[in-house]
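The values are calculated or read from the model by the stated rules, or taken from the named source; none is laboratory data. Everything numeric in this text was worked out from a predicted model, so none of it was measured. All Cβ positions, even for glycine, are placed from backbone atoms using ideal geometry, and neighbour counts span all protein chains on display. Note: areas computed on protein heavy atoms with side chains; ligands, DNA, RNA excluded. Shrake-Rupley method; radii C 1.70, N 1.55, O 1.52, S 1.80 Å.
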Amino acid sequence: MKKKKWKKPRPRQESLRECLARAAEELELSASTVLDIPELECSPREVLLERHHGVLEYTDERIRVAARDVTVEIRGMELRLGAMSQGALHIRGQVAAVEFIRS
């Protein structure tokens, strides 16, 4: 019977996401900026969503927005887009709920 040679275990390779997060920390940058993670500021009357990838659905009671790895759903009444740019989305109205749905 042949003996198997013992192999030293290979170290776990760092994922690209982990590498970018570590680099952002070392460079004193926001990890959410480097990783393209959406940032949200919310009050009962408005929502500011940064780093979105486009509007998927828009009614006066629900707005769904694509972002990296998630869909952001804003529910309420009299919702309207106040301003929209390639990087940010400003929503006004009576905000009842904000939900992050994993893609």
Run the quick spin-label model on K5 and S85: label points 7 Å from Cα toward the beta carbon, then report their separation in nm to one decimal. 5.9
Here are some values of semi-axes √(5λ) of the Cα gyration tensor in Å: [x] 29, 17, 12; [y] 20, 17, 13; [z] 42, 17, 10. Which one was computed from this structure? [z]
What's the carbon and sulfur percent of the chain's accessible surface, probe 1.4 angstrom, rounded to a whole number? 52
Angle, helix 16-26 long axis vs. longest principal axis of the chain, Cα atoms, 0 to 90°, nearest 10? 80
Quick one: which of 64-75, 40-51 comes out on top by average Cβ neighbours within 10 Å, and what's the full order, highest first? 64-75, 40-51
Let's test the formula: R0 of 30 Å, r as the Cβ-Cβ distance of E26 and V98. What FRET efficiency results, to the nearest 0.05? 0.40
Area accessible to solvent at E99, 1.4 Å probe radius, in Å²: 80
Rounded to the nearest 10 Å², the accessible area of L56 using a 1.4 Å probe with every protein chain kept is 100
Rolling a 1.4 angstrom probe over the protein heavy atoms, how many square angstrom per residue are accessible across the chain? 77
